[in-house]
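S.K.: Structure incoming, see below.
What follows draws every value from the coordinates through simple rules; no lab data is involved. Everything quoted here is computed from the prediction, not taken from an experiment. As a convention, Cβ positions derive from the backbone with ideal geometry for all residues, glycine included, and neighbour counts pool all protein chains shown.
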Amino acid sequence: MVDFKYYTPTEVVFGKDSEGCLPDLVRKWGGTRVLIHYGGGSVVRSGLLAQVKSQLDAAGIAWVELGGVVPNPRLSLAYEGIELCRREGVDFLLAVGGGSVIDSAKVIGYGLQYDGDVWDIYDGKHKPVASTPLGVILTIPASGSEMSDSAVITKDDGLIKRGCNSDLCRPRFAIMNPERTYTLPPYQTAAGVTDIMMHTMERYFSHEDDMLLTDAMAEALMRTVKECGEKVLADPENYQLRAQIMWAGSLAHNNLTGCGTVSDFATHRIEHELSSTFGATHGAGLAAIWPHWAEYVLAENPTRFAQFAVNVAGVPNDFRSPERTARAGIAAMVDFYHRIGMPANLPELVGRPATEEEIAEMAWKATRGRTVRLGNLKKLDYDDVVAIYRMANKQ
Ligand code: NZQ
Ligand code: ZN
């Protein structure tokens with residue numbers, strides 16, 4: 001078990017009608033003039049946006065708004081947000097939506113506290129030292145951004161998708177009402193379930209074999225999300241199922257399940273190129289890559305993959321061969337992805353195989369021009385990443 005720091009400052013208000021706390025929470029964190037940031041329209045259709053505005057009005061809290069965040073959010077809109085907030089004297093950011101909206105707000109928060117170009121943070125030219133306070137009303141459980149230290153953004157020019165990690169951007173509060181997720185399309189529900197499981201899988205597949213408590217929590221979380229995820233697709237307005245998934249989404253990525261492990265995140269880095277190149281939904285891209293990453297790195301720690309196979313994927317233990325058990329676990333995950341409507345390879349994700357040129361460019365971008373290696377279980381260089389994309393490219 002490796003040493004760790006666990007820091008999770010976000011105040012969570014969870015349940016039916018939890019939105020009622022909004023004005024008190026904004027005031028508690030010093031908000032007097034709020035940017036309401038949101039996406040492409042789901043919060044308009046659901047009435048949530050109108051409710052937020054009238055709650056702030058009733059509490060005498062001034063607000064401005066900026067909608068239009070797209071999935072895999074763009075830097076250009078964050079620039080617009082920074083300008084708007086400066087002009088309007090905004091002192092608190094409120095993200096109403098999912099990971100894309102939250103991350104866009106996080107980037108605006110960094111930009112407001114920095115005189116230079118906020119992309120400098122993503123280009124390694126500037127280390128953030130402050131961020132404008134942010135609160136969240138979550139409408140899709142998936143990214144875990146409502147409690148995470150991460151903000152992922154795509155630069156429009158060159159479609160470069162990058163993440164930045166810093167405790168500074170962790171939201172001050174997260175309001176989570178599972179009823180708000182009833183309207184999610186099945187594909188987004190399934191992609192969210194995949195992403196949630198993956199945030200813990202990225203921490204679980206490690207060389208560390210002695211984190212008993214962390215393993216027990218991680219396995220319970222992954223099993224719960226897997227079981228509830230499959231059931232909720234047939235019963236989308238089931239509060240209990242939606243609630244389990246929503247809470248798991250936050251715990252999967254606030255590092256609770258990473259205490260004592262060395263996290264990997266290669267699958268995420270390999271996936272980010274699929275989101276930027278093909279506009280793939282993040283969770284679906286993860287499902288298309290993970291089985292192939294797993295096959296590629298399995299030999300690094302077969303017993304860990306076998307443990308996952310038995311305790312999470314639900315396959316019988318073949319005591320004579322951890323490798324065989326591990327492979328059965330990977331196959332069971334592929335079946336699971338198919339059952340919930342997720343792809344399990346690139347042709348299923350994109351509708352055609354990726355070209356060799358696309359693979360080369362994605363591997364180049366993922367390894368930042370062959371200068372970094374990805375992951376920890378096995379450190380992957382450019383050639384390894386190309387090999388994984390090629391494995392994922394077969395139907
Ligand atoms: O834009 P609207 O109209 O709101 O529609 C959204 C969007 O089309 C829709 N949606 C959200 N809530 C809904 C709803 N539709 C109906 N009913 C609702 N209640 O769902 C679509 C996807 O939303 P998005 O915010 O893009 O999804 P998600 O939460 O999966 O976020 C994905 C982004 O987060 C990043 C991903 O890379 C991607 O850019 N990630 C951020 C992380 C972090 N900051 O910690 C970690 C993750 O690994 C991930 O990389
Ligand atoms: Zn993710």
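S.K.: Report, in whole Å, the centroid distance computed from the Cα atoms of the stretch 56-78 and the stretch 229-280.
M.R.: Centre-to-centre distance over Cα atoms comes out at 24 Å.
S.K.: Now, a different point. Taking every DSSP beta bridge that has both residues in the chain, what percent is antiparallel when rounded to the nearest 5?
M.R.: Working: 7 of 31 bridges.
Around 25 percent of the beta bridges assigned by DSSP in the chain are antiparallel ones.
S.K.: I've got another one for you. So if I take the centroid of the Cα atoms in the stretch 281-359 and the same for the stretch 128-166, what is the distance between those two points in Å?
M.R.: Using only Cα atoms, the two centres lie 27 Å from each other.
S.K.: Please compute the net charge surrounding THR303, taking Lys and Arg as +1 and Asp and Glu as -1 over other residues with Cβ under 11 Å from its Cβ.
M.R.: Details: positive: ARG304; negative: ASP209, GLU300, GLU323.
Taking every Cβ under 11 Å from that of THR303, the sum is -2.
S.K.: What ranking do SER321, SER166, SER143 get, fewest neighbouring Cβ atoms within 10 angstrom at the top? Before the final figure, lay out the partial values.
M.R.: Details: SER321 13, SER166 16, SER143 26.
So the ranking, lowest neighbour count to highest, is SER321, SER166, SER143.
S.K.: At R0 = 25 Å, how high is the FRET efficiency between CYS21 and GLU65 if r is their beta carbon distance? Nearest 0.05 is fine. Working shown, then result.
M.R.: Details: r = 20 Å, r/R0 = 0.81.
It comes out at approximately 0.80.
S.K.: Could you work out [θ]222 nm for the chain from helices alone, using -39500 (n - 2.57) per DSSP H run of at least four and dividing by all its residues? Round to the nearest 500 deg cm²/dmol. If you can, show how the numbers build up before the last one.
M.R.: Numbers: 16 runs with 190 residues, N = 395.
The helix contribution divided over the chain gives -15000 deg cm²/dmol.
S.K.: Find the percent of Cα-Cα distances in the chain that exceed 36 Å, and round it to a whole number. The partial results should precede the final answer.
M.R.: Values: 16123 of 77815 pairs.
Everything past 36 Å amounts to 21 percent.
S.K.: Straight distance only, please: which lysines reach the Cα of LYS106 with their own Cα at less than 17 Å, same-chain residues fewer than 8 apart left out?
M.R.: Answer for LYS106, where 17 Å is the Cα cut-off: LYS127, LYS155, LYS161, listed by chain and number.
S.K.: Can you tell me how the stretch 61-127 classifies by the Cα gyration tensor, rounded, prolate or oblate, using a/c under 1.5 as the rounded cut? The partial results should precede the final answer.
M.R.: Values: a/c = 1.99, a/b = 1.20, b/c = 1.65.
Oblate is the answer for the stretch 61-127, as a/c is 1.5 or above yet b/c matches or exceeds a/b.
S.K.: List the relative contact order of the chain as a percent without decimals, with contacts defined as Cα pairs under 8 Å and 6+ residues apart. It would help to have the intermediate numbers written out before the result.
M.R.: Working: 776 pairs, mean separation 60.0, N = 395.
It comes to 15 percent, rounded to a whole number.
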